[in-house]
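Here, each number is a calculation from the coordinates, and none is a lab measurement. Just so it is clear, the structure is predicted and the values come from calculations on it, not from any experiment. Cβ atoms come from the backbone with ideal geometry, glycine included; neighbour counts cover every protein chain shown.
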Amino acid sequence: MDKILLKLLLKFVKLFANKGIDFERLKIITETKVMMDRRRSPASWKRKQQKESKNPLMMTLIMYALMGLFIGVVIFSLKSLLVAMIFIHAYLLFMMAMTLVTDFSAVLLDTADNQILLPKPINSRTLFLSRVVHILVYLSQFFLALTIAPVIFTFINYGPLVGLTTILTLMLTVAFSIFITYLLYALILRFANEQKIKDIVGYFQIFMTIFFAVGYQIIPRLINFDNGNFTFTLHWYSYLLAPVWMAMSVDSLYQMNFNNIHLLMIACAVIVPIFTVWFMVKFLAPSFSRKLGAMSNDAEVIKTNKVVVNHKKDWSEKLARFICISRTESAGFEKVWKITSRDKNFKVQFYPSLAYLLVFAFVFIFKSGKNITEVWAHLHETKMFLWFIYLPLISISSSLAIIPFNENFSAAWIYQSVPLTKPGEIISGGIKVLLIKFFIPVYLILFGVAFYIWGQALIGDFTLGFFNNILIFLLIANINEHSLPFSRQANIKQQSGKIVRALLQLILIGALIGIHFLALKIFWLPSALIPVSATVAYLLLRRIQNLPWLQISI
Amino acid sequence: MSVIQTNMLKKKFGDKYVLKGINLNIDAGQVVGYIGPNGAGKSTTIKIISGIIDEFDGDVSVFGLDVRKNTIEIKQRIGYIPEQASLYEVLTPIEYLRFVGKLYALEDDVISTKSWELLRLFELADKAETRMNTYSKGMKQKVLLISGLIHNPEIIFLDEPLSGLDANAVILVKEILMQLKQAGKTIFYSSHIMDVVEKISDRIIIIDKGYVIADGSFETLKEQAHKGSLENIFTSLTGGNEHNTSTAKEFINVLRS
């Protein structure tokens, strides 16, 4: 599809190209760029250990189209065209801006591009135009993927006139999203250097991954909620929002209502995006690219006279002293603590599973079909708090499967080259990080919520649950293949037996929750089980600490 | 006749001058080694002469043409090979060279035969259809070299051309530079490796802190160095001065403590 779009655009450019444009060079540059876009693996869905697919871009587009399908359903389910349109335009604006920041930033901020293209005999107008064409091809693909379903639905439900207007307003929304993105970048550039920008973009990417993970679970459920006729009142500030202008314009054509308010909205919808884009291209973009250029030069200068002296003690270094049994373990502890804080890939893979906690809580506790307020009112009479206790297991134990992997896996040679007699302690150090850094805070929050609902009767159960969680966590660590943290290459196919292990894991969790549930029938039993659970957990930890080299796969 | 001429070339980043008035006059067919410590402004000079950086003070002309005005024509006739292996790594070398060749407006079949031949000579033929993200630094450097030479330029700018190459490739590149010199090309390159500079350069220009501090053949520079004026710079570049020895001693002492 990208190639067809490019061909069309190039034909279009050829018609209007004047002397200053070198068409052949324009063609080869844009063709190459489009080809590279295809091969670049998209930022937002780097799922774990996925093998390199042939056309990752296509996969992303299909995902976007699916998401568009879900969103498009509002056109049927909402009775008000205006509300449905606001929803769809807001969605498009958000998605376009986020895609541009998270995915396309790799292209926009690529300073290598300058190194390659600037020495070649290309005039600046051609270079500029090639960037524009490339961006247009990119945008149109995502535009098509995101809007195809909603647009078709609009045509079906509201007829061709509204459908065509919608296409127009959606396009204007894209133009506006470019301006929004630009403002975001300008803001970041104003305050940050190149490394910072990459970090910030990284956080956006994590946010997007979470958004998708949660969105796919929650949005289809929301659509079932049968709230087909909630009304929408325009406050004064609504007039400042771009999706409202667009939706009002569509609505005005649908109702054939052209009063002052509608005309004003139509004017905003048309003029603002066009003006902002013109303003951006004319005045803002030149200084932007100069700043980008200067950035890579600054980096050179700074590098030469930067001296790092103050070594602040990291949190982990203080904690390790209390928590670890040996210097080897504290080495593992500190390393895993720091890398899990800094490595983007770890965050992209792990944080969404934290977000799943919310989804699970939502799904388990408020099973669809029931009234939310009613469920909430009777919650304290149920034993639902067991979910609160054992939910962390499902999401946080996934971190165990992530930490063996890292892009920099080859750095693990260090484990072999140092006289390391107890490699298990490195692993146990890593496990302690996962428990302290992720499990305990989440568990405390869940405890807080449960305490609010059920009161202090829960303290015993939560204490038992605390040790049980750790017990299962360690049990999973014991069953799994053992490898040192960040020592293995991702993408490699997982060894067989993974499904068996996963099943075993689920059965164990189920069994433990069952025992806890049964134990609730006898008043004193949960508290009595605490020492048992703690002891078993301790023994499991010892086992990991004493793992010999033989049992560790490299 | 001089093919490269700079007159009071100055360049500042922020408020700091990196180049503070460089005057160069380089004749056709010369092989010029442009050396100096890190941060002296070597790369910046090369980037300005080859038309990559267009904001600077002073005058620069290549082939008698003003770099500011005739950028495109100059770029077509020169080759620039950067220091870091920056190329589009998701492409294969064949695809990348096709891309670069077309930018230099070469014919498709010329590009294709040239790329295959040159890759074969660099022993990369069997990997010519593999994407470059799996390449080692040396292999990328080879592709970069080819991409800078594929249009048979008259002047060749190289920024640290030998970094990351293995010993065999270093010898090969040295040979290629010698051949290019015999074919009448002008070569302007920056390097740290004195041994190579000494062997192939007709002329060595040393810059430090934004100024040219020495200019001449290796022999004349060596003589000047012994008279004292250049000693520090020159010995720190050729290695083995007293400062380095004392640092090394200190290093060992810290290890022992």
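Structure notes:
- Only Lys, Arg (+1) and Asp, Glu (-1) charged, at Cβ; region B:50-96 dipole about Cα centre in debye: 220 debye
- Oblate is the label for chain B, because a/c, from the alpha-carbon gyration tensor with a ≥ b ≥ c as root eigenvalues, is 1.5 or above and a/b does not exceed b/c.
- Using only Cα coordinates, the Kirkwood hydrodynamic radius of region A:73-180 works out to 15.7 Å.
- Each of B:Leu165, A:Leu146, A:Leu358 has some number of other Cβ atoms within 10 Å of its Cβ, and from fewest to most they run A:Leu358, B:Leu165, A:Leu146.
- Per the Kirkwood formula applied to alpha carbons, region A:1-41 shows a radius of gyration over Rh ratio, Rg over Rh, of 1.03.
- Tensor-based shape of region B:38-99 (alpha-carbon gyration tensor, a/c under 1.5 rounded, otherwise prolate or oblate): oblate
- Listed from fewest to most Cβ neighbours within 10 Å, the set B:Val170, A:Val449, A:Val74 follows the order A:Val449, B:Val170, A:Val74.
- Footprinting exposure proxy for B:Lys174, A:Lys7, A:Lys282 (fewest neighbouring C-beta atoms within 10 Å first): A:Lys282, A:Lys7, B:Lys174
- Largest-first principal axis extents, alpha carbons of region A:398-554, Å: 54, 28, 28
- Amide hydrogen proximity for B:Leu19: with H placed 1.01 Å from N in the peptide plane, the residues at 5 or more positions away or on another chain lying under 5 Å are B:Lys11.
- When the listed pairs A:Lys33/A:Lys347; A:Lys318/A:Lys437; B:Lys47/B:Lys75; B:Lys12/B:Lys209; A:Lys344/A:Lys422; A:Lys14/A:Lys282 are checked against a 18 Å cut-off, the alpha-carbon distance exceeds it for A:Lys33/A:Lys347; A:Lys344/A:Lys422; A:Lys14/A:Lys282.
- Peptides A:424-432, A:93-101, A:64-72, A:12-20 ranked from most to least packed, by the mean per-residue count of other Cβ atoms within 10 Å: A:424-432, A:93-101, A:64-72, A:12-20.
- Taking Cα atoms only, the orientation of helix B:137-149 departs from the longest principal axis of chain B by about 70 degrees.
- Bridgeable aspartates and glutamates around A:Lys521 (alpha carbons under 16 Å apart, same-chain partners fewer than 8 residues away excluded): A:Glu381, A:Asp461.
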